[in-house]
1. Treating the beta-carbon of each Lys and Arg as +1 and of each Asp and Glu as -1, no other charges, what is the dipole magnitude of chain B about its Cα centre, to the nearest 20 debye?
2. If you add up the charges near C:P110, with Lys and Arg at +1 and Asp and Glu at -1, over every other residue whose beta carbon is less than 10 angstrom from its beta carbon, what do you get?
3. Please compute one quarter of the surface area of the Cα convex hull for the protein assembly as shown and express it in square nanometres.
4. Work out the length of the dipole vector of the protein assembly as shown about its Cα centre, built from +1 on the beta-carbon of each Lys and Arg and -1 on the beta-carbon of each Asp and Glu, and round it to the nearest 20 debye.
5. Contact order normalised by length for segment D:81-133, with contacts defined as Cα pairs under 8 Å and 6 or more residues apart; what percent is it?
6. For segment C:64-119, what is the convex hull (Cα atoms) projected area averaged across all directions, in square nanometres?
7. As a test question: what accessible area, to the nearest 10 Å², does C:T78 have when a 1.4 Å probe is rolled over all protein chains in place?
8. Determine the distance separating the Cα centre of segment A:159-234 from the Cα centre of segment C:22-42; give it in Å without decimals.
Number of protein chains: 4
Amino acid sequence: MTLDALRDSVCRANRALAATDLVVETFGNVSGFDRESGLVAIKPSGVPYDALTPADIVVLSVETGAVVAGSLRPSSDTPTHLALYRAFGCGGIVHTHSVWATTLAQARLPVRCMGTTHADYFRGDVPVTRPLRAEEVEDEYEANTGRVIVETFEVNGLSPEEVPAVLVANHGPFVWGPDPFAAIERARVLELLARMDLAGRLVAPDAPRPAPFLVDRHYFRKHGAGAYYGQPHR
Amino acid sequence: MTLDALRDSVCRANRALAATDLVVETFGNVSGFDRESGLVAIKPSGVPYDALTPADIVVLSVETGAVVAGSLRPSSDTPTHLALYRAFGCGGIVHTHSVWATTLAQARLPVRCMGTTHADYFRGDVPVTRPLRAEEVEDEYEANTGRVIVETFEVNGLSPEEVPAVLVANHGPFVWGPDPFAAIERARVLELLARMDLAGRLVAPDAPRPAPFLVDRHYFRKHGAGAYYGQPHR
Amino acid sequence: MTLDALRDSVCRANRALAATDLVVETFGNVSGFDRESGLVAIKPSGVPYDALTPADIVVLSVETGAVVAGSLRPSSDTPTHLALYRAFGCGGIVHTHSVWATTLAQARLPVRCMGTTHADYFRGDVPVTRPLRAEEVEDEYEANTGRVIVETFEVNGLSPEEVPAVLVANHGPFVWGPDPFAAIERARVLELLARMDLAGRLVAPDAPRPAPFLVDRHYFRKHGAGAYYGQPHR
Amino acid sequence: MTLDALRDSVCRANRALAATDLVVETFGNVSGFDRESGLVAIKPSGVPYDALTPADIVVLSVETGAVVAGSLRPSSDTPTHLALYRAFGCGGIVHTHSVWATTLAQARLPVRCMGTTHADYFRGDVPVTRPLRAEEVEDEYEANTGRVIVETFEVNGLSPEEVPAVLVANHGPFVWGPDPFAAIERARVLELLARMDLAGRLVAPDAPRPAPFLVDRHYFRKHGAGAYYGQPHR
């Protein structure tokens with residue numbers, strides 16, 4: 001992908017995110033990663049979404065974090081995005097403070113898999129990280145946020161491909177996918193799932209979970225070699 | 001009804017559904033059934049609603065499930081729709097993952113009849129199915145979803161005409177009516193009823209139910225020979 | 001007021017009501033009363049709001065209920081409206097199935113006065129009626145709904161001018177005012193109050209009430225001879 | 001700032017407030033303060049937002065409260081605004097009855113700081129005042145509302161710059177900032193925070209708070225000399 005195409009895609013993705021109800025004020029950002037060139041493109045920090053142009057998008061090296069193109073400061077969350085691109089095989093990352101996912105993050109509760117809507121997108125609970133320690137917050141805070149996300153997947157034996165999202169404790173959701181637009185779609189669905197799980201926790205805290213065979217049936221109906229949802233790729 | 005008229009009606013109904021707030025992403029579908037010709041028309045699988053044209057609508061035999069017209073894959077939920085058309089006397093079916101009805105489905109709770117808004121459309125609680133068993137999920141999953149819905153009405157002695165909706169456990173609502181548009185109207189009302197019942201369960205879990213004579217008064221004010229709501233048919 | 005002016009006003013009021021989020025499907029209606037001529041104008045039953053014209057509005061005698069103008073069936077709730085016009089000194093009535101007021105009506109809970117937003121419009125709790133008895137539902141159901149509303153105010157010593165709304169148990173709100181548009185404004189505020197009271201009951205069921213002197217300060221800041229809110233009448 | 005510029009800014013701010021979902025009916029108002037001239041500009045009482053022109057905006061002396069320009073009655077809450085301008089170093093104040101902040105005010109609960117969304121704007125809980133006493137309500141009610149707000153910050157040792165908002169018990173939020181538009185932005189964020197805290201109190205009443213070092217990290221990422229969020233001022 002050319003540098004221009006990457007910036008253009010990330011600019012459009014950030015504006016598409018702002019058109020959802022996931023974004024309040026300037027909270028949130030989208031990045032994209034071109035694995036071939038090793039370049040990450042991301043929203044500049046604190047710039048209103050409706051004023052964004054491709055030239056505002058900041059481009060960095062995934063390895064060194066050095067800015068390659070763009071004159072604005074990148075999102076303050078950039079080191080978190082870089083850590084995830086290094087550890088996970090994804091091409092787009094969305095971070096928001098969307099209301100229901102953030103409420104669960106503040107309650108330090110996972111988004112439980114309670115039905116087929118969830119299983120169509122995520123093969124099991126979307127986890128919540130442990131809180132960061134004082135030294136992790138005081139030095140390299142944003143990079144450590146990324147490290148704690150990666151740790152959460154390792155410690156719990158989770159696949160970042162099958163469960164492409166996380167809640168950072170007392171912060172909010174990070175969601176990823178093969179490209180920025182797929183990440184946005186998943187962030188929208190995660191918000192719906194968080195809203196339903198939160199309401200479900202109130203109305204029926206002890207409701208039984210769906211059986212693993214139902215979760216897998218739905219997950220693999222849409223993902224992998226045996227998928228039969230949607231139209232065959234042409 | 002001609003094939004063209006059926007496809008056109010189902011196409012318009014799917015686009016009308018997408019204009020409601022019942023649909024998130026590509027979740028949900030509407031089908032229509034022409035009982036005379038034995039043909040069912042349904043949304044293709046995973047196709048965005050705003051791109052739908054009548055030619056995209058897939059037409060199948062209600063008896064064999066064989067595709068009669070259309071080159072796209074039908075909705076993966078098609079076998080559920082066919083099972084309901086075979087068992088119930090309806091002409092339109094809507095399936096969604098609307099937030100409040102789905103939350104109750106995930107909590108495995110019925111939509112309780114708590115007032116006249118409910119009784120105007122449904123003569124009693126909208127039931128929730130039992131969860132499917134492993135073998136029912138592993139083989140002919142979608143057809144078995146339809147069978148379990150029919151079983152729910154038989155076991156509980158419910159009339160699918162008087163209670164034209166169901167929550168599938170850990171999945172979401174299916175709603176039916178004489179035609180696709182009537183089914184959409186009922187799906188919208190069901191979502192309102194689910195929202196109100198869910199909030200009511202939180203604020204007053206032991207609130208008394210409306211008396212059966214009030215439920216019947218409202219149901220029969222709008223349905224059947226003695227109806228006096230609305231204008232006389234001309 | 002001329003018959004034409006009354007019908008025109010009630011037609012506009014019904015369309016204004018439909019533009020709020022208080023109305024779902026065809027639930028709800030507005031009426032207006034010209035006390036001088038003794039005529040009540042009301043929405044026809046089950047007619048979509050966006051198709052309403054002044055000629056569709058049905059005009060009846062408040063005393064006999066006889067139709068004076070209009071060829072459509074009046075709202076099935078008409079006898080409730082007539083009962084309220086006979087007993088209370090109001091000129092407009094709104095009935096809706098708005099989600100939060102209806103949820104409290106189904107829970108048989110009043111809208112408690114918990115703050116100044118409430119006290120600016122209603123001097124104290126908005127009450128909920130007792131449920132109707134079998135014989136009251138089976139015969140003259142809608143007229144009896146009106147009688148039970150009036151009874152609620154008499155038994156509890158409430159002023160229908162100071163508390164111009166009620167929740168009918170397991171049904172929904174009726175709201176009144178000097179004219180149809182004032183009644184709509186109050187119905188919108190009531191819905192906000194119901195939403196806030198319902199959430200407040202969940203988060204702090206034992207929260208103390210505002211002191212009566214605060215309620216009266218706000219109520220009389222906007223109502224009566226000592227009012228100093230808004231601009232002086234010119 | 002000229003008188004015209006102040007009125008124009010406050011007029012635009014009031015219309016901007018009305019375009020948010022914080023305002024219901026005519027509840028709410030925005031004022032602006034030009035510290036150099038000692039003049040406060042504020043919305044007139046009870047006038048619909050969409051009819052507001054700069055000439056309608058009332059201008060008063062912050063010291064005496066005397067009207068300097070404008071022929072309409074100022075907002076009935078004016079004495080509250082004046083008290084805050086005298087005590088706090090702010091240039092804009094917003095008062096609303098927004099649904100979630102008002103619900104917590106009615107429950108007499110603070111908006112707890114539960115995460116980074118909150119800490120980005122407010123360094124700690126947004127407090128709730130004590131209820132006013134009878135004599136404080138009966139005489140100089142609105143001025144006393146301001147005095148109780150100031151008392152709340154003094155008694156609790158809070159900085160009105162670091163925590164630029166308050167909930168008035170059984171009433172609603174007041175929010176301030178360097179100018180009217182900054183106050184509106186904070187009022188929007190406060191409403192989001194109130195919504196999330198209220199839901200969090202229901203789903204996880206005992207959830208641990210974010211560590212003070214996380215709160216400070218986020219607060220000082222956006223505020224003060226060491227801020228690195230957003231773009232450098234040019």
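1. Values: 22 positive and 28 negative charges, 157 e Å.
Here the size comes out at about 760 debye.
2. Working: positive: C:R108, C:R112; negative: C:D125, C:D197.
Local net charge: 0.
3. On the way: hull surface 159.5 nm².
One quarter of the hull surface, i.e. the mean projection, equals 39.9 nm².
4. Details: 88 positive and 112 negative charges, 45 e Å.
Result for the protein assembly as shown is approximately 220 debye, rounded to the nearest 20.
5. Details: 27 pairs, mean separation 13.3, N = 53.
Once normalised by length, the contact order is 25 percent.
6. Numbers: hull surface 23.9 nm².
If I average the Cα hull's projected area over directions, I get 6.0 nm².
7. 10 Å²
8. Answer, in whole Å: 48.
The values are calculated or read from the model by the stated rules, or taken from the named source; none is laboratory data. Bear in mind that the values here come from a model prediction, so they are computed numbers and not experimental data. Every residue, glycine among them, receives a Cβ derived from its backbone with ideal geometry; neighbour counts consider all protein chains shown. The protein model used for the area step is the full one, side chains on, heavy atoms only, and it has no ligands, DNA or RNA in it. Shrake-Rupley method; radii C 1.70, N 1.55, O 1.52, S 1.80 Å.
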